[in-house]
Amino acid sequence: MLINLIRHSVDEDMKNNYLNQKRTKQSTGLKVFYSMLAGVFCVLLSTSGFATNLDANVNTATRAQEQGAETDKMSVSTIPNAVILLYHHVSSSTPASTSISPETFKSHMEYLDTHHTVVSIQDVVSALQDNKTLPEKAVAITFDDGYANILHNAHPILADLGFPYTVFINPDEIGVGPKQLTWEQVIAMHNDGVTFANHTLDHLHMLNGEQTMGKSAWLEKVWENVESAEKKIEDKLSISLKYLAYPFGEYNTALANKLKAEGYIGFGQHSGAVGPNSDMQALPRFPAAGPYANLATLKTKLNSLAMPVTHSTHENPRMTTRTLSSPISLTIDSNDVRLTQVNCFFGGDTIETNLEGKVLSFTLDKSLPIGRSRVNCTAPSNTQAGRYYWYSTPFFVADESGNYPD
């Protein structure tokens, strides 16, 4: 049934892109090569003739292991760590800011197949909740908005590689918008193993009206929307994961607390890896389309580690002013984070930071823009060469009417 839905796609140009692709895997030979290479080093190290060169051999073997680890799908991390990717459109004819071409998307997936382990979003959530292990360099794949080009252009690639993925949908838009999936397609994809979850009924700005309606009335209204969406998904697919991806990534403390009280997991659109200290009602995801589709820069993000922030003085991402009244401080509890080389960025520029012990502080000398912005802080790992801890502090600023722009 699902194959027929793909075959009869109305998105003809994207269908042709898919049909012209040759689905080949290139990782098998590389895995065998590294396995043989690691075996050679083990033999060398075990012979007494090389004892005097032990340090040199260990360094060489370490380099080989670091290369081999890229293809070792069986290794696990004792501390759960994962990267969650966020896509919207997989198409060459949709808005550039939220789109990735099928060809570039395929290159992302082939890179993941060689260097990472793709896991389901359920596995990530379970590992974080129960402090369970995840495969080394674990990655989860998500899509927002339920566009039909996910089925036409992404699903065949993902299915060929055996990758699980999740689509956050707006039930009232399914089968209505001209570029949306239909319920027939959603059900067929669900039966083929695709996970579907809540993105609100109609992709509203959840913080609109909060400052004008009053917190109680506003929260009641948006929560009715969330529960209605969850009920429609459950009615159609007989599942209720209670996962909510905030439209536009916008949320505040009151909404996050409501999710927690109702047993929901929340997903944002600020960046960073996820780990044991992550806020389960605001899990970060790395956008991987539009200006962020470049694989060369995405590789660093895919290898990132969750910054172990145990406390932040930034209590509410929804701002009532466009300036910071005081510095924001982050308490970072790990000796593996090389805080002496920490860098924080705002709007693409490095900002000044202050470090006192394990407390990192920053402030901004610029006004926050209307809408969405964030400060990203990164620091290298002391023990894992080339990997960086990453943490994002989001800000949401309404316009004069109390609303948020697209």
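Rule-based calculations on the coordinates, nothing more; no lab input. Here the structure is a predicted model, which means the values were calculated and not measured. Here the Cβ positions follow ideal geometry from the backbone for every residue, glycine too, while neighbour counts run over all protein chains shown.
Quick rundown of the values:
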{"quantity": "Residue list for the stretch 304-333, given a label point 7 angstrom along the Cα-to-Cβ vector of Asn354 and an amide N cut-off under 13 Å", "calculated": "326-330"}
{"quantity": "Extended-chain gain in nm, criterion 0.36 nm per residue less alpha-carbon gap, Ala217 and Lys236", "calculated": "3.9 nm"}
{"quantity": "Relative contact order %, the stretch 185-315, counting alpha carbon pairs below 8 Å whose residues are six or more apart", "calculated": "20"}
{"quantity": "Over 31 Å (Cα to Cα) - which of Lys301/Lys358; Lys137/Lys221; Lys106/Lys221 fall in this group", "calculated": "Lys137/Lys221; Lys106/Lys221"}
{"quantity": "Set of aspartates and glutamates near Lys236 by C-alpha distance (under 13 Å), chain-local residues within fewer than 8 positions excluded", "calculated": "Asp172, Glu184"}
{"quantity": "Cα-projected label distance for Asn335 with Ser93, points at 7 Å along beta-carbon direction, nm", "calculated": "5.9"}
{"quantity": "The stretch 272-355: C-alpha gyration tensor shape, a/c 1.5 cut-off, then a/b vs b/c", "calculated": "rounded"}
{"quantity": "Sorted peptide list for 164-175, 329-340, criterion being average Cβ within 10 angstrom, highest first", "calculated": "164-175, 329-340"}
{"quantity": "For the stretch 247-402: rounded, prolate or oblate by the Cα gyration tensor [a/c cutoff 1.5]", "calculated": "rounded"}
{"quantity": "Alpha-carbon centroids, the stretch 248-293 and the stretch 342-406: separation in whole Å", "calculated": "15"}
{"quantity": "Extension reserve of the Asp279-Ser126 stretch, reckoned as 0.36 nm per residue once the Cα distance is removed", "calculated": "53.7 nm"}
{"quantity": "Estimated inter-spin distance, Asn343 and Ser326, nm [label 7 Å along Cα→Cβ]", "calculated": "3.0"}
{"quantity": "Whole-angstrom gap from the stretch 106-139 to the stretch 168-203, using each part's C-alpha centre", "calculated": "23"}
{"quantity": "Cβ-Cβ FRET estimate between Glu224 and Ser312, R0 fixed at 30 Å, reported to 0.05", "calculated": "0.50"}
